[in-house]
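Engineer: First, the structure itself, so that you have it in front of you.
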Amino acid sequence: MKNIYILVLFILLLVGGLISQYYLRKESNDLAWHAIASVHLERLLVIDGHINESIVKTRYNLENNYDNLAANVRAFSDEIKALVKHMHARPEISLAVQEDIDRLRDAYENKKDVTENFKSHNSVLKNSVLYAPTVGSELIKISSQVPEGEQFSQYLSELNTNVLKYSHSTFEEHPEVVTTQFNELNTQDQSLPVIASIAYSEFSNHVQTVLDEKPFVEQYLATALLMPIADQVFGVKSHLDGMMLKAAETGQQVNYFTIAYFSVFALSVLLLGLRFSRANGSIATAVESRTRDIEAEYLKLKEASENSDADSQLSASDMHAIHAMDTMVGNVSRNIGSLQFRVIEMDRFFAWVKKLSDTFNHENVDKAKANELIKKVVIYYRDLARRKVFDEVHEVLKDSEQGLQDVKEQSAGLIKREVN
Amino acid sequence: MRVKTKYGALTTFLFLIIHTAFALEPIEPIPLVQDVDPSKVALGKRLYFDQKLSSDGSISCASCHDLDSKYGTDLLPVSTGVANAKGTRNSPTVLNSALNFRQFWDGRADTLQEQAIEPLTNPVEMGLESMQQAVAILSADNDYVSQFAQIYADGITPTNITEAIAEFEKTLMTVNSPFDQYLRGDANAISAVQKRGYQLFKSYGCTACHQGVNVGGNMFQKFGVLKDINLRDAQQQVDLGRYQVTKNEWDKHVFKVPSLRLAVKTPPYFHDGSAATIEDAVNTMIEFQLGREVPVEDRDAIIDFLSSLVGDLPEI
């Protein structure tokens, strides 16, 4: 009956162990989820860098079309979608993280708009920057051919140069030089030949376009580059890291719990084992001791019998008693042999249990090793239980006790008769 | 004085030389191979041509985007949908549309898949009440049920329908145009006039907007950059373009820059189909977008160059 209680206890402990395994698995899933989210966020930062790079390159003609820029903006959109999908795969995502993601999406939408505006204005600027010098050169040629056009031609030439410089300048350079020269030129356009008036109109139109568009281009360029996409990404990451830290702490607690749990489990198994060991050890010792006594008694009886045999024949009843005792002692000896074999088996089992206990007492528990040991202990226990080794030991001991009692009684009768 | 003038002219000249010599080509060839899923392409093709996907069973995607001889359009100013309803904007070609950075004239759809939803449920196009109606129609057809089941674990869904159509549309590329062959190194693939037209196309500033692999289709631009478009459209109700999507003031008259890959084959032109011929369209661009006058021979050379952009029609 006691074995059933032990089995139930063992099963309960095992179920508890499985539940803690479940928590460990959940912790592992948290880590994987966070790692994937981090990869998406890292990619967003990289793609945002590519977008910025393309913006600068298209501004300064290092990229001569917008395909890369458009592809990078699309890639950013796809990556955000992938991030959001990944985040929503976890239902317990916090409100703070959700708000951060929303802010990131808004920032991206703004950047997309700013990028589109940059492209539009940059194209207009490029168009005029490309065309103004062409028509300007034509005008220089025409005006320099007439005497009164020399001054005009000089202004035009300087303006042409400055328009080019200005259009490719950095943010710090101001348009005042171009504006002043342009205004001076406009006061002198009377000196142009009539045939050049249409060309001059186109030229001034494009110079004005350069003056108008460049501030927009630089404004959108600067806005796009300075948009806080990285800040928003780090905002999401910061919250995710917070969540993960909490999960890790919980996981660590689960770890401590698991270690404590398995220590208790191992201890309980050890205690149960020791209980058997003590009980069986004491019985075995008692049996051995008693057997030695019986053997000693038997030898004495046998010696007495041999002595009396020399003097006279033993009575039939004495002979019967001695034979019975011989049989009983033989049985007890066999039983003791069987018992000793069982005790060896149980000792082996308790050695495994001790090993398991030692493993869990170690500072850094090797989970794989512990699991392997638990498995072996359980298999061994099940094997012993299946073969009813524990019951058999009890039965053997019980039989031996009875046999010894019989031998004792027989020998007492024999001695009594001898004395008489 | 003369020295300064010469210095200025020299600077200008050097700038143009450097600009031309070191600038990368603004146009790139269409990739010869597309990365697609053949089973989805087959399903998408079937859906593309299926008139069942309209409220009266009369219209398919192919009705307005004809792949046989009309280069992915219907060659009409605006298309005719179910019950003879008229659309409001010109149907752009579906060919090479996968290369566009957004879809529709106002760029309201980011992807082909997003775009595919609207015609199906637009009352003046295919007229379905919802995508669920499309699911119901297809679910009544055992062949479709089986074909979807072979590709998608969740069978017929709105997402799967549009994804298959989009996958098919990704294959609709006009590769190997003479100009692409020229870009790939065959100097004789285009004529001398076409080469001159390309140089003019660049020097007049057309490539400021029409650039990239699709010669456009990768940015928005205001219609009427250097001249007010209201001067052209005074007599008509003006389409405000992207403004209708964003409500941003600066998006008024802004449209997606169309691809010029098949421009010579797909009249009429612009969002309203208002330019009947390629000459009309180029003239309008020169006047309103470039703000200049261009000799007719230059314009014609540019148009000749545009004809070199036409590649092979995809095999359907």
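The values are calculated or read from the model by the stated rules, or taken from the named source; none is laboratory data. From a predicted model like this one, the values you see are computed outputs, not experimental measurements. Note: ideal-geometry Cβ built from the backbone for every residue, glycine included; neighbour counts use all protein chains shown.
Engineer: Quick check on my filter: what residues within segment A:79-90 are farther than 30 Å from residue B:24 by Cα and either part of a helix (DSSP H, G or I) or within 12 Å of chain B (Cβ to nearest Cβ) (or both)? Full working, then the answer.
Structural biologist: Looking only at segment A:79-90, we keep the residues that are farther than 30 Å from residue B:24 by Cα, and these are A:80-90.
Within segment A:79-90, A:80, A:81, A:82, A:83, A:84, A:85, A:86, A:87, A:88 meet the criteria.
Engineer: For segment B:166-271, which helices (runs of 4 or more DSSP H) that fit wholly inside it have 1 or more residues that are among the small types (Gly, Ala, Ser), more than 21 Å from residue B:292 (Cβ to Cβ) and not assigned by TED's automatic domain parsing to the domain that holds residue B:71? Walk me through it before giving the result.
Structural biologist: Details: elements: B:178-183, B:192-203, B:243-246.
Those helices (runs of 4 or more DSSP H) span B:192-203.
Engineer: To continue, here is another question. Considering segment B:204-213 alone, what residues qualify as being out of contact with any strand residue (DSSP E or B) (no Cβ under 8 Å at 6 or more places or on another chain) and either at pLDDT below 95 or at the interface with chain A (Cβ under 8 Å from one of its Cβ atoms) (or both)?
Structural biologist: Just the residues of segment B:204-213 that are out of contact with any strand residue (DSSP E or B) (no Cβ under 8 Å at 6 or more places or on another chain), to begin with: B:204-208, B:210-213.
If the condition is that a residue be out of contact with any strand residue (DSSP E or B) (no Cβ under 8 Å at 6 or more places or on another chain) and either at pLDDT below 95 or at the interface with chain A (Cβ under 8 Å from one of its Cβ atoms) (or both), then B:204, B:205, B:206, B:207, B:208, B:211, B:212, B:213 are the ones that fit.
Engineer: Follow-up question, since we're still on this one. Which condition does residue A:93 not pass, out of (1) at pLDDT 90 or above; (2) in a loop (DSSP other than H, G, I, E, B); (3) within 26 Å of the chain's Cα centre (by Cα), if it passes all the others?
Structural biologist: The single condition residue A:93 does not satisfy is (1).
Engineer: Can I ask one more? I'm trying to understand the selection: among the residues of segment B:76-114, which are part of a helix (DSSP H, G or I), more than 20 Å from residue B:221 (Cβ to Cβ) and under 17 Å from the mean Cα position of the chain (by Cα)?
Structural biologist: Just the residues of segment B:76-114 that are part of a helix (DSSP H, G or I), to begin with: B:82-84, B:97-99, B:112-114.
Add one more test, that the residue is more than 20 Å from residue B:221 (Cβ to Cβ), and what stays is B:82-84, B:98, B:112-114.
Matches in segment B:76-114: B:98, B:112, B:113, B:114.
Table: residues versus (1) among the polar types (S, T, N, Q); (2) closer than 22 Å to residue A:69 by Cβ; (3) within 56 Å of the chain's Cα centre (by Cα).
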position	(1), (2), (3)
A:106	no, yes, yes
A:110	yes, yes, yes
A:122	yes, yes, yes
A:140	no, no, no
A:145	yes, no, no
A:154	yes, no, no
A:157	yes, no, no
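Engineer: Among the listed residues B:14, B:112, identify the single one that is at pLDDT 95 or above and within 14 Å of chain A (Cβ to nearest Cβ). Can you show your working first?
Structural biologist: On the way: B:14 fails: at pLDDT 95 or above.
Being at pLDDT 95 or above and within 14 Å of chain A (Cβ to nearest Cβ) holds for just one of B:14, B:112, which is B:112.
Engineer: Same structure, new question: Given the residues A:163, A:177, which is the only one that is of a type in the set (Val, Ile, Thr) and within 12 Å of another protein chain (Cβ to nearest Cβ)?
Structural biologist: Values: A:177 fails: within 12 Å of another protein chain (Cβ to nearest Cβ).
Being of a type in the set (Val, Ile, Thr) and within 12 Å of another protein chain (Cβ to nearest Cβ) holds for just one of A:163, A:177, which is A:163.
Engineer: Now for a separate question. Can you confirm whether residue B:220 is touching a helix residue (DSSP H, G or I) at 6+ places or on another chain (Cβ under 9 Å), touching a residue at least 40 places away in the same chain (Cβ under 8 Å), within 9 Å of another protein chain (Cβ to nearest Cβ) and among the aromatic types (Phe, Trp, Tyr)? Let's see the steps before the verdict.
Structural biologist: On the way: touching a helix residue (DSSP H, G or I) at 6+ places or on another chain (Cβ under 9 Å): yes; touching a residue at least 40 places away in the same chain (Cβ under 8 Å): yes; within 9 Å of another protein chain (Cβ to nearest Cβ): yes; among the aromatic types (Phe, Trp, Tyr): yes.
Answer is yes for this residue.
Engineer: Take segment A:146-160 and flag every residue that is facing chain B (nearest Cβ under 9 Å) and surrounded by fewer than 24 Cβ atoms within 10 Å (Cβ to Cβ).
Structural biologist: Taking segment A:146-160 and keeping what is facing chain B (nearest Cβ under 9 Å), we get A:150-151, A:153-154, A:156-160.
Within segment A:146-160, A:150, A:151, A:154, A:158 meet the criteria.
Engineer: Go through segment B:272-315 and give me each residue that's within 21 Å of residue B:198 (Cβ to Cβ), within 14 Å of another protein chain (Cβ to nearest Cβ) and in a helix (DSSP H, G or I).
Structural biologist: B:285, B:286, B:289, B:290, B:298
Engineer: So for segment B:226-236 (the condition being within 11 Å of another protein chain (Cβ to nearest Cβ) and in contact with a helix residue (DSSP H, G or I) (Cβ under 8 Å, 6 or more places away or on another chain)), does at least one residue qualify? Spell out how you get there, then give the answer.
Structural biologist: Restricting attention to segment B:226-236, the residues satisfying the condition of being within 11 Å of another protein chain (Cβ to nearest Cβ) are B:226-227.
From what is left, the residues that are in contact with a helix residue (DSSP H, G or I) (Cβ under 8 Å, 6 or more places away or on another chain) are B:226-227.
Checked segment B:226-236: at least one residue is within 11 Å of another protein chain (Cβ to nearest Cβ) and in contact with a helix residue (DSSP H, G or I) (Cβ under 8 Å, 6 or more places away or on another chain).
Engineer: Which of the residues spanning segment A:91-145 are within 11 Å of another protein chain (Cβ to nearest Cβ), without any contact (Cβ under 8 Å) to a residue 40 or more places away in the chain and of a type in the set (Asp, Glu)?
Structural biologist: Matches in segment A:91-145: A:109, A:113, A:116.
Engineer: Can you find even one residue in segment A:56-78 that is more than 13 Å from every other protein chain (Cβ to nearest Cβ), within 31 Å of the chain's Cα centre (by Cα) and at pLDDT 90 or above? Steps first, please.
Structural biologist: Filtering segment A:56-78 down to residues more than 13 Å from every other protein chain (Cβ to nearest Cβ) leaves A:56.
Pick out the ones that are also within 31 Å of the chain's Cα centre (by Cα) and you get none.
Within segment A:56-78 (the criterion being more than 13 Å from every other protein chain (Cβ to nearest Cβ), within 31 Å of the chain's Cα centre (by Cα) and at pLDDT 90 or above), the answer is no, since none of the residues qualifies.
Engineer: Within segment A:195-238, track down each residue that is closer than 20 Å to residue A:46 by Cβ and charged (D, E, K, R).
Structural biologist: Keep residues of segment A:195-238 that are closer than 20 Å to residue A:46 by Cβ, which gives A:224-238.
Hits for segment A:195-238 are A:231, A:237.
Engineer: Please count how many residues of segment B:119-156 are part of a helix (DSSP H, G or I) and either modelled with pLDDT under 95 or surrounded by 15 or more Cβ atoms within 10 Å (Cβ to Cβ) (or both). Break it down stepwise before answering.
Structural biologist: Taking segment B:119-156 and keeping what is part of a helix (DSSP H, G or I), we get B:119-121, B:131-139, B:142-151.
Now narrow it down to the ones that are either modelled with pLDDT under 95 or surrounded by 15 or more Cβ atoms within 10 Å (Cβ to Cβ) (or both): B:119-121, B:131, B:133-135, B:137-138, B:144, B:147-148, B:151.
Selection size over segment B:119-156: 13.
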